[in-house]
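> Sharing a structure here in structure tokens format.
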Amino acid sequence: MNLSDENDCVRQMLRGAMPDDLPPAVAERMRNRLAAFRPGLDTESPRFGFRWIRRLRQRRLIGWPTAAVATAVLLVAVLWISQAWHSAESLAWAEVVEAVAKRPWLHYVETWQDGTRLEGWYSVRGSVEGRHYMPSGTDHGLETYTWTNFAQQTETCYSPQVNRILRGNQSPEHRQSRKFFSAAWRSAFLSGQVGGPIRAGGYEIVDQKQRMVTEGGKPAIEYRFRWRQTATDTRSVTQFLVMVDPETRLPFRLDLIDQGKEPRPFERMDYPAHGPADLFAMGVPKTAESINCALPPEVERLAKTTVAAACRENTEFSALVVDSLYGHHSGYRVWKKGARWRIDAAIGPLARPSDQVPSNEADLAGWWRQKAEKGTFTPQALFDGQWQWKYTTKTRRSNAAEIKAGADKKAEVLVSSTKEKLLPWLKDRYWEERPLSWMGRPTTLSDSPPAGLPIYDSDYGAPCQAALDAKPKEGPPNAVMLELRDPVWKLDDSKHRRWSFPQTVRVWIDPTRDYLLVRSDDLISREGKEEMIGGFRIDGFAQDPQKRWFPTVVHQLTHILPPDGHGGLDDIEMRFYYDFTTPVPDSLFKAE
Amino acid sequence: MDCEPSSYDALIRPVQEQMLRSIWRITRVAEDAEDALQESLTVIWKRRARIGRHPRPRALMLRICVNCACDVLRTRLRRRAREKTLVDPDALHTKQGPVGERFEREEVREAISHALVRLPRRQATAVVMRYLLELSYEEIGHTLGCSETTARVHVNRAGKKLSRLLAHLAPTHCTEKKP
């Protein structure tokens, strides 16, 4: 497959297979159906106006319950935080912060527009939080109870629907909000250090105002906060109001302000003397099934080490990579220098099924390099040290005039190439937070990795039990085996996940080869037997002059066709031909 | 809550043709297209107020159509997989054109459909909205509730997965149409 225009190729295939050719007869049938559709009086199920939570949820970074919690903690944190360091107002807010910290518990109840409720208890001293999420309808998720211990970084979640408790590490999102809380909290008491906006955990307060108002005949201080996320490219600003009792200095209500609308009450707060001791004290039955998904410390260490090793920010090399599948060979070139990298893909195949590929391993590198010399390459992706750039190329087959002039009739010609800024550098955002999911990712989000490491997909939302086998019975020598298992995976339950996410992933990591992932098996269970649905093997290695290991032959096993009615797995072979000695010029890493 | 025909028509009518075509492009079977349309209309009706408030109501309605069509397609493919028939030969003979070509086309279509439903839902939606419906990334981002950049990532990843899944089709089906 030609990598240079693969998206274009997919676009063409999709358009070709799914043309815009609605037959008149079908159109008429559909129009009749449309005309006949007259809905009843059922009410719509509204959603919250809090867009950033939806975004997080839809990016699968966060579920509704967690989103709700993150909001609660965040907003409460923001409350406590304070921002106005230089003005007289900041003193008033510092008093609010102090007043809240002195209370044993903060109890809050959020009511969302659709009737969903979230009730929570937060203890600053105990560094714990319990939450009960009560959705208004099935559209918004399922009822959950969650208990977070911030000090121990653990989280326990109970789902009444399945009567199951999942115990695991504190979610990254929650840790993020805690980071924000911590930083803000610290800042609040170290006013001498602060100047300018608070930045922590990917959020910043843009500004804050306060004024005296009257609430039900009583005076209250109204704080108006504007804050935004800095971690993403989303620059939308969220506003909320915090109403504070001037006597006790305690916040009692939080109102959200949707764009262009009046504030609406969102959260009410009170400060009881006692709160729940654990999840069971919140009403969770002790008979519930309990599954422990906490990462063993050795797994967490291994995951972080593997991710750190995969970064390889001090390497310099160029490489020619050849992809082969059923006699079709495509290729791309890679340059890497420090954190920067560039990938140029060949236009058209490097070799056709009719070409006689040398069977002698020793001749292969030279043969492919010769082929590459004759080929035309065009930039596909580039990381300039700050931004990642993606190139979109358009190609066409030789036209009649070109063929007449001697061009190969199957040759592809570059028509145009355009570039776009794709992503900011996401390393900090993802790698540190989800080492298991991202383990094995190279220094780029591209699937054509300069480091040559394949990746594996996992369902971020699914629970995962991890176990490390330091001396596995099978697999490459010297490698340790990490097994990641979804304890609640069911074949019947899988539906479209069936093809995307395995039940079990076994990854072999070789500590003697810079923690390269040298093999992966993606497995599902069918009728009591394990069935492999994907994976990869690294079958060849090379070392650079600094003795760092690189893969040279990778076999990626996947189902090109659906497994049903199809034979075994298809094998995509990737061969890497490196040059570690020729200096890579800096000019290559400029997006042009 | 109003449910007068006028408000309903005002919502649906401007995008009606696009809805029909979007659904047809994915389902390719009249009965399935009808089912997907019915489901889409139901969802649109239930969420009409939200759609009205949405910055890109047209794109959001198309997203609903794409989702419903993909669901119907997924159901059909599962059913067909159980029945172990990839292509109905009788249906091929009744259509015009050489049977061989039609068979190949149907086979390609089946492979693409299979690949499409194997994608994560958001990626599938994003790639269909971009490649088939030609919506802008901004519109896709709005309908998916994510940023434009994330929409690009979804499309990019979907494109890569599809190209990997459909690699065996690429040599014969990946040719740029002449301008």
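The values are calculated or read from the model by the stated rules, or taken from the named source; none is laboratory data. The structure presented is a predicted model; accordingly, all values stated were derived computationally and were not measured. Note: ideal-geometry Cβ built from the backbone for every residue, glycine included; neighbour counts use all protein chains shown. We work out accessible area using only protein heavy atoms, side chains counted, and drop any ligands, DNA or RNA first. Shrake-Rupley method; radii C 1.70, N 1.55, O 1.52, S 1.80 Å.
> Pairs needed: first member in region A:358-381, within 19 Å of A:Glu573 (Cβ to Cβ); second member anywhere, assigned to a helix (DSSP H, G or I) and open to solvent by 30 Å² or more (accessible area, probe 1.4 Å); C-beta distance under 7 Å; at least 6 residues apart or different chains.
A:Pro358/A:Trp367
> Quickly run through region B:151-165 and pick out the residues that are in contact (Cβ under 8 Å) with a residue 40 or more places away in the chain and of a type in the set (A, V, I, L, M, F, W, C).
Matches in region B:151-165: B:Leu162, B:Leu165.
> Within region A:375-405, track down each residue that is assigned to a strand (DSSP E or B), under 29 Å from the mean Cα position of the chain (by Cα) and not β-branched (Val, Ile, Thr).
A:Pro379, A:Gln380, A:Ala381, A:Leu382, A:Phe383, A:Trp387, A:Gln388, A:Trp389, A:Lys390, A:Tyr391
> Run A:Gln259 past the list (1) part of a strand (DSSP E or B); (2) within 30 Å of A:Thr111 (Cα to Cα); (3) open to solvent by 20 Å² or more (accessible area, probe 1.4 Å) and report the number of the one that doesn't hold.
(1)
> Check whether at least one residue in region A:315-330 is modelled with pLDDT under 85 and away from every other protein chain (no Cβ under 14 Å), and report yes or no.
yes
> As an exercise: evaluate A:Ile221 against (1) at pLDDT 70 or above; (2) in contact with a helix residue (DSSP H, G or I) (Cβ under 8 Å, 6 or more places away or on another chain); (3) on the phi > 0 side of the Ramachandran plot and give the number of the one condition it does not meet.
(3)
> Specify the residue that is most open to solvent (accessible area, probe 1.4 Å); the eligible residues are those in region B:108-167 that are more than 8 Å from chain A (Cβ to nearest Cβ) and assigned to a loop (DSSP other than H, G, I, E, B).
It comes out as B:Glu134.
> Can you spot a residue in region A:299-315 that is in a strand (DSSP E or B) and either in contact (Cβ under 8 Å) with a residue 24 or more places away in the chain or closer than 30 Å to A:Met243 by Cα (or both)?
The answer is no, given that none of the residues of region A:299-315 is in a strand (DSSP E or B) and either in contact (Cβ under 8 Å) with a residue 24 or more places away in the chain or closer than 30 Å to A:Met243 by Cα (or both).
> Right, here's the next one. Considering only region A:148-163, state which residues are touching a residue at least 40 places away in the same chain (Cβ under 8 Å) and in a strand (DSSP E or B).
Result: A:Thr148, A:Thr154, A:Thr156, A:Cys157, A:Tyr158.
> Looking at A:Lys547, is it over 23 Å from the mean Cα position of the chain (by Cα), more than 14 Å from chain B (Cβ to nearest Cβ), open to solvent by 50 Å² or more (accessible area, probe 1.4 Å) and at pLDDT 85 or above?
yes
> Filtering region A:20-29 down to residues that are within 7 Å of another protein chain (Cβ to nearest Cβ) and out of contact with any Phe, Trp or Tyr (no Cβ under 7 Å at 6 or more places or on another chain), which residue is farthest from B:Gln38 (Cα to Cα)?
It comes out as A:Asp20.
> So which residues in region B:28-43 are surrounded by 21 or more Cβ atoms within 10 Å (Cβ to Cβ) and more than 9 Å from chain A (Cβ to nearest Cβ), if there are any at all?
B:Ala36, B:Ser40
> Same structure again: Condition check: modelled with pLDDT under 85 and open to solvent by 40 Å² or more (accessible area, probe 1.4 Å). Does A:Arg526 satisfy that?
yes
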